[in-house]
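The values are calculated or read from the model by the stated rules, or taken from the named source; none is laboratory data. The model shown is predicted, which means the values in this text are computed figures rather than measured ones. Heads up, the Cβs are rebuilt from the backbone with ideal geometry, glycines too, and the neighbour counts pull from every protein chain shown. For accessibility, only protein heavy atoms count, side chains too; no ligands or nucleic acids. Shrake-Rupley method; radii C 1.70, N 1.55, O 1.52, S 1.80 Å.
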Amino acid sequence: MADASLDIAEQVARVIRSNEETQKFIAEQRKLIAEAAKLERDRVLAPWQIVAATAAATAALIGGTVAVVKLFLP
């Protein structure tokens, strides 16, 4: 009878370890899915970031040009 109870305890311990490993795997998969979603979002937004940076640089160049013209042509 003691052997059967040890065998059951060993099986229960294996099931618990298996469940813990499964939970770790699920958590890792969720993390990878979240990272993939972030990368996809960044990929979609990248062209708009380039447009915004270009517009800001253009505005800065125009502003600088206007300042120089006002300085030399009062």
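Things worth noting here:
- Pro47 exposed (fewer than 10 other Cβ atoms within 10 Å of the Cβ) and assigned to a loop (DSSP other than H, G, I, E, B): no
- Residue match in the range 16-23 (condition: hydrophobic (A, V, I, L, M, F, W, C) and open to solvent by 100 Å² or more (accessible area, probe 1.4 Å)): no
- Residue in the range 26-34 that is at pLDDT 95 or above, open to solvent by 90 Å² or more (accessible area, probe 1.4 Å) and not basic (Lys, Arg) present: yes
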